[in-house]
């Protein structure tokens with residue numbers, strides 16, 4: 001536990017040192033403390049992992065560092081928990097952040113805000129680790145909001161650019177919308193769980209005396225609101241594609257390791273609560289399914305390479321939520337395992353893809369529009385090879401990491417559809433949606449891949465004629481991540497089942513499992529590898545890739561199959577969601593703001609009027625001060641006369 | 001027998017005379033003397049009541065007032081002297097500059113006759129500077 005806390009504090013220290021480097025006017029050194037601290041944190045958490053990996057039974061270390069604040073019944077303790085779930089997250093976050101930091105050191109080289117970039121990055125990783133390790137809802141919220149703040153700072157890194165500034169504001173405001181729900185949910189749980197805010201205590205109490213179903217569903221849905229905002233699910237996903245305005249490694253960090261996985265982690269952590277509310281689970285699954293489908297559909301016709309990847313992240317997060325949403329009908333052990341496993345593999349290949357697109361952008365002089373470049377496989381061989389691996393993993397090509405984890409999710413969904421429980425038809429529909437989305441995923445990923453790397457060589461003039469492979473500092477992280485994207489899935493779970501067994505030792509997940517078996521009277525079954533599902537998902541990936549190859553194999557320009565023009569423009573315009581939001585939400589609020597301003601200026605005028613009254617009186621009286629001594633004396637005497645008269649008259653009564 | 005009423009009547013008469021003098025005269029020194037007279041009317045009241053009640057408080061007050069009045073007289077006369085040096089006038093209507101900003105001065109329709117101007121005392125030119133008459137006839141000696 002001690003070493004985990006050290007790993008938590010290291011990124012913070014690294015970030016502070018980076019900031020000091022900036023203040024001490026040696027910004028070139030700023031990358032060093034950040035990279036070293038992330039690497040040290042990663043090594044530490046991996047050491048902890050290898051320490052506790054073997055063995056059986058439940059695994060949980062707790063640390064209580066006292067009370068943070070206390071008011072009435074509300075007490076927030078500084079408590080940390082280290083169980084397989086949080087340890088997995090910790091290792092993923094620090095490991096990926098290390099390689100992203102190495103990449104950024106080269107990518108951001110010579111930028112004016114170099115030190116600021118690494119300082120905020122250190123803070124970002126620190127808050128994410130805090131979120132993952134916290135055993136108290138309020139500490140978790142602190143990490144949660146800290147991550148939001150850092151995403152604001154990093155998305156708005158080029159703050160002089162208006163689009164970046166507004167994207168940062170959008171990211172902050174949209175996620176804040178979900179956070180309101182989350183805070184309300186936390187307070188509801190606090191009341192239901194006998195005024196406790198520690199997660200482990202709450203799980204115990206609520207599991208022992210389950211509150212009414214309606215109340216439980218409300219609390220779970222409110223928590224889910226927060227996850228929807230942070231993890232960019234259906235109504236609130238609009239901030240994530242816009243967050244592309246930040247530097248590309250930031251996108252990699254946000255999409256792979258830190259920000260967006262927070263929502264998935266929250267739901268995985270709160271599995272013992274969600275298992276008590278099948279309705280909330282269903283909502284989670286439906287939202288996840290719709291998000292996955294809609295985002296994949298939008299990704300089909302985007303021209304911005306980073307935007308394709310952003311929508312694919314939204315879509316993959318939808319997959320994770322679909323899996324989490326099955327927790328009421330399938331054993332939570334399996335659903336959480338599927339979601340966290342996908343999160344884990346997704347972190348590798350998505351970081352890889354984003355860093356690859358950053359490498360492309362670096363070589364193309366900042367151009368990221370796929371219509372302007374093409375045929376880069378000869379120009380940038382390393383980037384091409386690693387990007388191909390990432391794309392295969394994302395598409396779910398057999399034997400790569402993404403295949404195994406997506407297969408898990410589809411398996412869980414089909415299980416949920418086949419049970420004879422309430423809602424199984426809906427779950428079956430979600431399964432079909434997920435399968436369709438998997439097909440689309442393979443298609444749009446390879447559309448982007450072919451448009452970028454195949455066809456005739458086309459280089460935009462912004463590259464100034466020296467488009468080249470990126471330096472070693474950038475290709476090494478790509479190669480490392482590619483190796484992991486290639487093998488991590490197979491090595492970690494399907495062969496050894498190590499990941500699943502390790503995760504099963506998380507007390508909160510075991511607790512959820514226990515509650516599930518108690519409420520559903522299901523018989524415990526061992527997880528079997530489902531060959532049918534695996535075959536289906538392999539075929540889907542293959543069909544998607546072949547379709548993309550047929551349409552785009554010789555590179556651009558875009559060819560739209562006849563009859564699908566309407567769908568294509570719908571997708572290219574992102575289903576007009578931003579426009580609809582603009583018309584239905586932004587415009588009325590703007591109108592309200594204008595009305596408020598008018599009312600305010602009316603109040604101002606009234607206040608000014610009031611202030612004119614004494615001024616007017618003063619203007620009347622001012623000539624009395626004429627500087628003549630005897631005039632003043634006369635005034636005094638007259639006043640005295642009036643005073644005496646009043647006294648005399650009153651005493652005479 | 002001299003009763004309390006007699007004292008008070010004398011005091012009131014003194015106060016009233018002083019008041020009328022203060023309001024009607026415009027010479028600063030006369031006005032100041034009238035103010036002193038009003039003060040003495042008040043002191044007389046203190047003394048009368050002190051005697052009437054048979055204690056010393058009134059007397060003590062009287063002594064204090066006389067002391068304060070002496071200080072005040074010194075101060076006031078010094079101020080008048082300064083004013084006279086600046087404006088060669090003791091007319092209270094001439095000193096109305098401390099009035100509301102932007103207000104036109106009150107015009108005195110019946111000003112006091114000006115005292116004849118005194119000739120300036122003879123002075124020597126400051127050492128190192130030539131007399132004006134010499135400088136006028138020898139322009140090459142003046143410094144630029």
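The values are calculated or read from the model by the stated rules, or taken from the named source; none is laboratory data. This is a predicted model, so every value here is computed, not measured. Methodologically, a virtual Cβ is constructed for each residue, glycine included, from the backbone with ideal geometry; neighbour enumeration extends over all protein chains shown.
Can you name the condition, by its number, that residue A:173 falls short on among (1) farther than 22 Å from residue A:74 by Cα; (2) crowded, with 18+ Cβ neighbours inside 10 Å? Status for residue A:173: all satisfied but (2). Scanning the stretch A:361-378 for residues that are touching a helix residue (DSSP H, G or I) at 6+ places or on another chain (Cβ under 7 Å) and surrounded by fewer than 18 Cβ atoms within 10 Å (Cβ to Cβ) yields a total of 2. Residue A:146 fulfils the conditions (1) closer than 24 Å to residue A:98 by Cβ; (2) crowded, with 24+ Cβ neighbours inside 10 Å except for a single criterion, (2). Comparison of A:59, A:8 shows that the only residue that is touching a residue at least 12 places away in the same chain (Cβ under 8 Å) and buried (at least 24 other Cβ atoms within 10 Å of the Cβ) is A:8.
Restricted to helices (runs of 4 or more DSSP H) entirely inside the stretch A:535-653, those with at least 2 residues that are more than 14 Å from every other protein chain (Cβ to nearest Cβ), at pLDDT 90 or above and under 56 Å from the mean Cα position of the chain (by Cα) are A:587-621.
Quick check: is even one residue across the stretch B:9-26 within 14 Å of chain A (Cβ to nearest Cβ) and over 23 Å from the mean Cα position of the chain (by Cα)? Yes.
Checking each residue in the stretch B:90-107 for being more than 10 Å from every other protein chain (Cβ to nearest Cβ), assigned to a loop (DSSP other than H, G, I, E, B) and surrounded by 10 or more Cβ atoms within 10 Å (Cβ to Cβ) picks out only B:90. Residue B:61 - would you say it is in contact with a helix residue (DSSP H, G or I) (Cβ under 7 Å, 6 or more places away or on another chain), in contact (Cβ under 8 Å) with a residue 12 or more places away in the chain, part of a helix (DSSP H, G or I) and within 14 Å of chain A (Cβ to nearest Cβ)? In short, no. Within the stretch A:57-77, is even one residue modelled with pLDDT under 90 and within 20 Å of the chain's Cα centre (by Cα)? No, the stretch A:57-77 contains no residue that is modelled with pLDDT under 90 and within 20 Å of the chain's Cα centre (by Cα). Residue B:143 meets all of the listed conditions (1) out of contact with any helix residue (DSSP H, G or I) (no Cβ under 7 Å at 6 or more places or on another chain); (2) at pLDDT 70 or above but one, namely (2).
So for the stretch A:105-114 (the condition being under 21 Å from residue A:172 (Cβ atoms) and out of contact with any strand residue (DSSP E or B) (no Cβ under 6 Å at 6 or more places or on another chain)), does at least one residue qualify? Yes: the stretch A:105-114 contains one or more residues that are under 21 Å from residue A:172 (Cβ atoms) and out of contact with any strand residue (DSSP E or B) (no Cβ under 6 Å at 6 or more places or on another chain). Annotation: residue B:67 fulfils all but one of (1) away from chain A (no Cβ under 14 Å); (2) surrounded by 11 or more Cβ atoms within 10 Å (Cβ to Cβ); the unmet one is (2). Of the residues making up the stretch A:239-269, just one is more than 10 Å from the chain's Cα centre (by Cα), modelled with pLDDT under 85 and not in a helix (DSSP H, G or I), namely A:246.
Is one or more of the residues making up the stretch B:40-47 within 22 Å of the chain's Cα centre (by Cα), closer than 30 Å to residue B:120 by Cβ, within 14 Å of chain A (Cβ to nearest Cβ) and surrounded by 13 or more Cβ atoms within 10 Å (Cβ to Cβ)? No, that holds for no residue.
Please tell me if residue A:585 is out of contact with any strand residue (DSSP E or B) (no Cβ under 8 Å at 6 or more places or on another chain), within 27 Å of residue A:234 (Cβ to Cβ) and surrounded by 10 or more Cβ atoms within 10 Å (Cβ to Cβ). Step through it out loud before you land on a result.
Numbers: out of contact with any strand residue (DSSP E or B) (no Cβ under 8 Å at 6 or more places or on another chain): yes; within 27 Å of residue A:234 (Cβ to Cβ): yes; surrounded by 10 or more Cβ atoms within 10 Å (Cβ to Cβ): yes.
Answer is yes for this residue.
Any residue that is part of a helix (DSSP H, G or I), touching a helix residue (DSSP H, G or I) at 6+ places or on another chain (Cβ under 6 Å) and free of Cβ contacts under 8 Å to residues at least 60 places away in the same chain - is there at least one of those in the stretch A:412-423? For the stretch A:412-423, residues part of a helix (DSSP H, G or I), touching a helix residue (DSSP H, G or I) at 6+ places or on another chain (Cβ under 6 Å) and free of Cβ contacts under 8 Å to residues at least 60 places away in the same chain: present.
Going through (1) within 14 Å of chain A (Cβ to nearest Cβ); (2) loosely packed, with under 10 Cβ neighbours inside 10 Å one by one, residue B:83 falls short only on (2).
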